[in-house]
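The values are calculated or read from the model by the stated rules, or taken from the named source; none is laboratory data. The structure presented is a predicted model; accordingly, all values stated were derived computationally and were not measured. We place every Cβ from the backbone using ideal geometry, glycine too, and count neighbours over all the protein chains shown. These accessible areas exclude ligands, DNA and RNA; they are computed on the full protein's heavy atoms, side chains included. Shrake-Rupley method; radii C 1.70, N 1.55, O 1.52, S 1.80 Å.
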Amino acid sequence: MGEFKVHRVRFFNYVPSGIRCVAYNNQSNRLAVSRTDGTVEIYNLSANYFQEKFFPGHESRATEALCWAKGQRLFSAGLNGEIIEYDLQALDIKYSMDAFGGPIWSMAASPSGSQLLVGCEDGSVKLFQINPDKIQFERNFDRQKSRILSLSWHPSGTHIAAGSIDYISVFDIKSGSAVHKMLVDRQYMGVSKRKCIIWGVAFLSDGTVISVDSAGKVQFWDSATGTLVKTHLVANADVQSIAVSDQEDSFVVGTAEGTVFHFQLVSVTSNSSEKQWVRTKPFQHHTHDVRTVAHSPTALISGGTDTHLVIRPLMEKVEVKNYDAALRKITFPHRRLISCSKKRQLLLFQFSHHLDLWRLGSTVATGKHGDTLPLSKDADHLLQLKTKVSKMPACLRSAVQIMFSEDSTKLFVASNQGSLHILRLLEGSFKHLHTFQAQSGTVESMCLLAVSPDGNWLAASGTSAGVHVYSVKRLKLHCTVPAYNFPVTALAIAPKTNNLVIAHSDQQIFEYSIPDKQYTEWSRAIQKQGFHHHWLQRDTPITHIGFHPKRPAHILLHDAYMFCIIDKSLPLPNDKTLLYNPLPPTNESDVIRRRTAHAFKISKKYKPLLFMDLLDEGTLVAVERPLDDIIAQLPPPIKKKKFGT
Amino acid sequence: MEAAAARVVRCGGSELSLRRAVFSADSRYLLCVSGDFVKVYSTATEECVHVLQGHRDLVTGIQLNPNNHLQLYSCSFDGTIKLWDYLDGILIKTFTVGHKLHALFTHARAEDSVFVTINKEKPDVFQLVSVPLPRTPRQDAEAGEPRLVLDCISPSPKCVAFGGQGDYVAAVRDFYLSVYFFRKKATSRFTLSSSENRKHAKNNFTCVACHPKEDCIATGHKDGKIRLWRGFDDERKYTYTCLHWHHDLVMDLAFSATGSSLLSGGRESVLVEWRDAAEKTKEFLPRLGATIEHIAVAPAGDLLCTSHADNKIIVIGRNLEACAVIQGLVRDSSVLTGLMVDPRTKALVLNGKPGHLQFYSLQSDKQLYNLDIVQQEYINDCGLVQIELTKAAFGCFGAWLATVEQRQEKEGELELQMKLWAYNKKTQGFLLNTKVSAPHEDRVTALCFRSADKSDVPTLVTASRDGRFKVWVLADDSDIYRKAEGWTCDFVGSYHKYQATNCCFSEDGSLLAVSFEETVTIWESDTWELRCTFCQRAGRVRHLCFGRLTCSKYLLGATESGTLCCWNLLSCALEWSTKLGVSVMEPDPRSEHVAAVARSSGGSDLFVFKPSEPRPLYVQRSICSEEVRWGVFVPRDVPEALASEALQWLNRSQFYFLTASQSLLTFSSKSPEEKLTPTSKQLLAEESLPATPFYFLLGRHRQQRGEQADGAADGERVQLPTTEGVPAVSELLHTPAHVLPSAAFLCSLFINSLLLATEAPSAEETPEDAEMEEEGERDSSEEEDAAPEQAQQAGLPDGGDGGDEAEALQQQLSKCAEKELRKLRRVDYSWVAVP
């Protein structure tokens, strides 16, 4: 693997925002997640839970509700009173529209997908018609006394249930009037709360309304008579979210204590048709409030203040017990937040609303393997750049990804219209050189760029189509790497050989020779043999690929939990060999080391690893973000008595 | 001689909490296993009503006959299943299975067959089999061929449960739950993770229970979790819920009769009721005293009971209030005090619960009471060194009790305390009089009171390993505030710094013998002067006792190296000695006999001898296979006259001994027989009446009535008024309430009817005779209607007749009252018109 001096950077004080809403789309098996800072992320659950799309947020847009409608259309609503539709191709906001009801607390699309309901601060429920290009206000329902915090459609689309403070209303869609008003008990088990907030409702096709409230209750109501059927007290704190499966045989609730409870409809006895809802398994994967839950056919998805997105597969629904059946906990974005200037030893950190520039510290001391060297010069925080809207050329205004060439003379910009711009940088100004137009028919924006060190080649990849390689010299498309089923997570072009290395979300790595327009021998060999099963079972995508300036056979790459150097000259590991070999002790004889050595050299010393790259031949920089540091910056969780303390 | 040999019999004290207790269908009786017997207790009075005797080995399971709830099945290690009529204590049938039976289960669906747990080949592989029971009129029958239901199960009956509808049976073992479906004839198995890591390491199943109405299985686990399994008919779609309150393993689980709540218990000695099987709605019954081993629920749903590790059964009402306690002999792991007899109650006294002394009645096989000696909260935590009660002795005819407790951590300092308790006649119990902390510097090895006349000062001697013996006397401890007396040290004796190993007073209290390792020293008890020493150089003296009555001039000593010596105190010389490895030596307080138990290769042997002659009177080889730890002679209330010469020693006292495995055994010259007393039988007949509110008003009198009937001879008994069967009252009760006159009007009449009619004027009787006869017939026919029903319920062959007889008697006696009412009926109907 070689010996390196490592800059272990822990001053990147990145704290992801808490998750506010999740919305699962059954058709495309995608999950939309909105965070408290207004960020919306889209995860592709079929592509190894890869975060493939990302809409940056804004301070003024606190999202409170998120829903999919008409298949692929994503809407969000927030406390600024606007309904926003997102353009999933161009990765931009399509339009926003004021609902004129004050802050919006809840939103639900009708089962047919043609109508959209929003619940507002002023107690009004507003119905919107979803047209192909825009949404259109249709009518108001009977106004209620207090804010509408939750909404749910009956699967037939004739009624809705709306949760407010202290009561649940059932509306008839045709007349727009409240059919029933079901009052919720404020007091339960002797605990009296000032108000009982209905955080979530779910309307089942048999007319049952399930409500979750701030008193910790999950209640079942009969909407035909407006009566309470059953109460489950599940928590001492608020129950904040509910999601029902499509089959209506199970649902999930999330509590402010961080617990997620699963309820299932089971038959009372095996030979009777009578069924009852029972609370089955509790899951404690969160430390803070579970603000939102979703129920995919095979998994329970939850997110909350502690910023983790947890995907808990349901074992009974999983066909094969493979690695997909394992619990996933997604904390960090699946993209690079850090870029590094190798020559000047600078690190640029990207936050949601600003950028930080740091100079790495340095040391004069030397030591042996494993030593921690004292710093002679501390790391410097050089500057902080805040977002500022100023006059920008049109092509830069909606850039998805930008990249400098190695010699800093050119800037490559991927715009959200699917085109790529090349700008020449001059002293204090720049000049637009060329625009590579999007391929005919697609408007998909490119979100990953790679430039060859000699500046001749530019590789760009979108979320679904293949990787395009452009010749910067001749300003034309050179070739297209054949499309692969899984999205690209990282791209890089090797120096000298101009081999394009592509990492996909299913952990596959390809090496494509740009001059030869074909996959390299090594890439073919590894595809033929297949990757080690442990390699394929890693659950975070590779976010960065680098190369060793002196050893062309080495490829450096990392994900959140490991750093790997692939030595193409060594034999590939097969399933029998140990993939994660610890570093062999130095006194071991070379023969044994050579016999056990294989191409993948993996180090798990640094985790969670957000960035790692070579500064020069013997120096690495590793940016870590320990989870404890993130938790320390979160608000304190609800205190619970722990037995034995 | 062979015929005259005394039999070794178990005398109660056997474990009541070995298996779940069973309630009768009407919750009046509680049935539980007790060694080789099954005991029938009344839930209301806590009394043992019957002992079902017949099995020849440990009874391992009892279940009510699902087809007739007045019958009981029991199974035993002797390989038989017996069917009993538990109300009468009659054995109905015996089915021989042939295997050692470990547990018994019945179910209404499985007609004519029961389920038992057996192990066939390997010692650890148990099988649940169904055994068909043939319908034969014969009393003894061979059971049918067992059919395998489930293999590889746990031998404990807690680990097997039948579904409420009888559709399935669930069994747990180690880390898996197996469910066998009778209809599908298929087994599903659900396995929990058993990896070594901290989270799953204690996932072991400990017990299982099935919901009576729904398809729901509750399992208890070693980490204290309770899992509720549902949807287990599909091996993929099964699901479970966790309930977690217990911090130690869940010992037993039971659903209430309707299934609305789940009961669980464990080492915390807290009964937890989970209402609606929900985590947040639970109720507790704490401080039950000892680990809950079993929980049983009455089929009627009104009672439940918990069996505890300290051989106790607590009957608990539905509102979680303990209403009866059935306490057997507490088996402590180490009986350090040995066996003693309380001179007042003749109860056996030994270590009970930790830090307690228990008084156990040998006659009624029941614990009389517990005396808390240590008076500290017992903390149930393994690895904690507890205070142990090591020595106790009674003195001055039960007026004083001395106890010694000690606690020693490894390499820690010894904490020693001696307490002296005075008997208080007012409270009928022992009160702490003197507490002596650190009476000695090392362990106390012996403790004995001087058995002296009442005039003498009570004297206690303690011997210790610190090389001293101390004499304690009762002295005046009064001050200006109160009059009191307390114990103080009077004399400290030692002999060449040897460890004092034992001490003993002669019968008249004039001499004290203290053994110092190999030497026995004799002290004058008036002056505490050393009189003489005996040394045999045959090892440390372990047991020491003076002869009694005619043999009071002899002193017996048994050494560790296996020599039994007898010294003559008059000649100060060794009278005789023999090689005998004595483990227990006990003198009989009522005769000259001394019983010695010696360990030999075939078990333990008993020798009974008189100190005056070196030849034993009676020898019985291998009285039990294990070591005998303690023995005691308990004086008989009425001396028996046993004809046999060899059994003369059993005439005045009975010898009880405790083995290493805590079984209390004795010698009996009688053959085993039914000890059912007639009173208990009668008690039973009366108790089988339904307990309606009116029963409490009227039924009591019926009982007294019965006593009166058969106890007509003893005239001094006060005749109490009888109300039941009195027509006046029955009229009152049968008339609809809306046509009754005001209570004020009826009151005097009612009171009158309760008055006794000693001299019934016969002259007035005659004119109404015909009518009365008719009335009487009607009444009796009504009664007769009811009587067969009762008889059926009780299953008593003679129940009906007895009832009728009693009825007839009551008819006669209440004629006067009846007449009163009839008079009233004829005369006064004006109240009907009165608004």
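Among the residues of region B:148-172 satisfying the criterion of being open to solvent by 40 Å² or more (accessible area, probe 1.4 Å) and in contact (Cβ under 8 Å) with a residue 24 or more places away in the chain, which is farthest from the other protein chains (Cβ to nearest Cβ)?
Here the answer is B:P155.
Can you tell me how many residues in region B:556-574 are in a strand (DSSP E or B), over 26 Å from B:G338 (Cα atoms) and touching a residue at least 24 places away in the same chain (Cβ under 8 Å)?
Residues flagged as in a strand (DSSP E or B), over 26 Å from B:G338 (Cα atoms) and touching a residue at least 24 places away in the same chain (Cβ under 8 Å) within region B:556-574 amount to 1.
Evaluate region A:274-288: report whether one residue or more is more than 17 Å from B:F232 (Cα to Cα), in contact with a His (Cβ under 6 Å, 6 or more places away or on another chain) and within 14 Å of chain B (Cβ to nearest Cβ).
No, every residue in region A:274-288 fails to be more than 17 Å from B:F232 (Cα to Cα), in contact with a His (Cβ under 6 Å, 6 or more places away or on another chain) and within 14 Å of chain B (Cβ to nearest Cβ).
Restricting the first residue to region A:419-442 and requiring it to be polar (S, T, N, Q), which pairs with a second residue that is in a strand (DSSP E or B) and modelled with pLDDT of 80 or more meet a Cβ separation below 8 Å and a spacing of at least six or different chains?
Note: pairs meeting the criteria are A:S419/A:T435; A:S419/A:F436; A:T435/A:L420; A:T435/A:H421; A:T435/A:I422; A:Q439/A:H468.
Across region B:273-295, which residue is farthest from the other protein chains (Cβ to nearest Cβ) among those that are without any contact (Cβ under 8 Å) to a residue 60 or more places away in the chain, part of a strand (DSSP E or B) and of a type in the set (D, E, K, R)?
B:E273
Which condition from (1) more than 14 Å from chain A (Cβ to nearest Cβ); (2) within 27 Å of B:P66 (Cβ to Cβ); (3) modelled with pLDDT under 90 is the one that B:A309 breaks?
Failing condition for B:A309: (2).
Answer with yes or no whether B:A25 is among the hydrophobic types (A, V, I, L, M, F, W, C) and modelled with pLDDT under 90.
Spelling it out, it is not the case that B:A25 is among the hydrophobic types (A, V, I, L, M, F, W, C) and modelled with pLDDT under 90.
Is it fair to say B:L460 is crowded, with 19+ Cβ neighbours inside 10 Å, within 21 Å of B:G338 (Cβ to Cβ), touching a residue at least 60 places away in the same chain (Cβ under 8 Å) and not polar (S, T, N, Q)?
yes
Go through region B:9-42 and count every residue that is over 22 Å from B:L87 (Cβ atoms) and either of a type in the set (D, E, K, R) or without any contact (Cβ under 8 Å) to a residue 40 or more places away in the chain (or both).
So the count comes out to 2.
Among the residues of region B:430-440, is there at least one that is open to solvent by less than 50 Å² (accessible area, probe 1.4 Å) and within 30 Å of B:C566 (Cβ to Cβ)?
yes
A:Q240: within 24 Å of A:V260 (Cβ to Cβ) and polar (S, T, N, Q), yes or no?
Here the answer is yes, as A:Q240 does meet what is asked.
Report, by residue number, each residue of region A:255-265 that is free of Cβ contacts under 8 Å to residues at least 40 places away in the same chain and more than 9 Å from chain B (Cβ to nearest Cβ).
Within region A:255-265, A:T255, A:T259, A:L265 meet the criteria.
Suppose we filter A:T619, A:T645, A:T586, A:T577 for residues that are at pLDDT below 90, open to solvent by less than 90 Å² (accessible area, probe 1.4 Å) and either more than 21 Å from A:R538 (Cα to Cα) or small (G, A, S) (or both); which single one remains?
Criteria check complete, one pass: A:T619.
Take the residues in region B:224-246 that are in contact (Cβ under 8 Å) with a residue 24 or more places away in the chain and under 16 Å from B:T187 (Cβ atoms), then tell me which one is nearest to the other protein chains (Cβ to nearest Cβ).
The residue in question is B:D233.
May I ask you to say which residue of A:T497, A:T520, A:T480 is open to solvent by 10 Å² or more (accessible area, probe 1.4 Å), within 29 Å of the chain's Cα centre (by Cα) and either over 22 Å from A:N48 (Cβ atoms) or without any contact (Cβ under 8 Å) to a residue 12 or more places away in the chain (or both)?
Residue meeting the stated conditions: A:T480.
Out of the residues in region A:617-645 that are within 14 Å of chain B (Cβ to nearest Cβ) and not aromatic (F, W, Y), which is nearest to A:S17 (Cα to Cα)?
Per the criteria, the residue is A:K640.
crowded, with 19+ Cβ neighbours inside 10 Å and within 27 Å of the chain's Cα centre (by Cα): is that true of A:L557 in this structure?
Here the answer is yes, as A:L557 does meet what is asked.
Check off (1) in a strand (DSSP E or B); (2) open to solvent by 20 Å² or more (accessible area, probe 1.4 Å); (3) away from chain B (no Cβ under 14 Å) for A:R336 and give me the number that stays unchecked.
Just one mismatch for A:R336, condition (1).
In the list A:V268, A:V244, A:V252, which residue meets the criterion of being away from every other protein chain (no Cβ under 14 Å) and either in contact with a strand residue (DSSP E or B) (Cβ under 7 Å, 6 or more places away or on another chain) or in contact (Cβ under 8 Å) with a residue 40 or more places away in the chain (or both)?
On inspection, the qualifying residue turns out to be A:V244.
Looking at (1) closer than 30 Å to A:H381 by Cα; (2) open to solvent by 10 Å² or more (accessible area, probe 1.4 Å), find the lone condition where A:V9 falls short.
The number of the failed condition is (2).
Looking only at residues that are more than 24 Å from B:S591 (Cβ to Cβ) and touching a Leu at 6+ places or on another chain (Cβ under 8 Å) in region B:533-556, which one is modelled with the lowest pLDDT?
B:Q536
Determine whether region B:139-147 contains at least one residue that is surrounded by 15 or more Cβ atoms within 10 Å (Cβ to Cβ), in contact with a Phe, Trp or Tyr (Cβ under 7 Å, 6 or more places away or on another chain) and either within 14 Å of another protein chain (Cβ to nearest Cβ) or under 28 Å from A:M315 (Cβ atoms) (or both).
The answer is no; no qualifying residue exists.
Looking at (1) among the basic types (K, R); (2) at pLDDT below 90; (3) in contact with a strand residue (DSSP E or B) (Cβ under 7 Å, 6 or more places away or on another chain), can you tell me which one A:K193 breaks?
If we test A:K193 against (1) among the basic types (K, R); (2) at pLDDT below 90; (3) in contact with a strand residue (DSSP E or B) (Cβ under 7 Å, 6 or more places away or on another chain), just (3) comes out false.
Only residues in region B:528-555 that are at positive phi count as the first member; pair them with residues that are outside any loop (DSSP other than H, G, I, E, B) and not β-branched (V, I, T), Cβ under 7 angstrom, at least 6 apart or cross-chain, and list the lot.
Once the first residue is at positive phi and sits in region B:528-555, its partners that are outside any loop (DSSP other than H, G, I, E, B) and not β-branched (V, I, T) give B:W528/B:F491; B:W528/B:G493.
What are the residues in region A:109-139 that are outside any strand (DSSP E or B) and farther than 13 Å from A:L149 by Cα, if any?
The answer is A:S110, A:P111, A:S112, A:G113, A:S114, A:N131, A:P132, A:D133, A:K134.
Which strands (runs of 3 or more DSSP E) sit wholly inside region B:313-423 and have at least 3 residues that are crowded, with 21+ Cβ neighbours inside 10 Å and in contact with a strand residue (DSSP E or B) (Cβ under 9 Å, 6 or more places away or on another chain)?
It comes to B:348-351, B:356-361, B:388-395, B:400-407.
Quick check on A:L204: is it at pLDDT 90 or above and open to solvent by 10 Å² or more (accessible area, probe 1.4 Å)?
Taking the combined requirement at face value, the residue does not satisfy it.
Output the residues belonging to region A:209-231 that are within 14 Å of chain B (Cβ to nearest Cβ) and open to solvent by 30 Å² or more (accessible area, probe 1.4 Å).
Selection gives A:V229, A:K230, A:T231.
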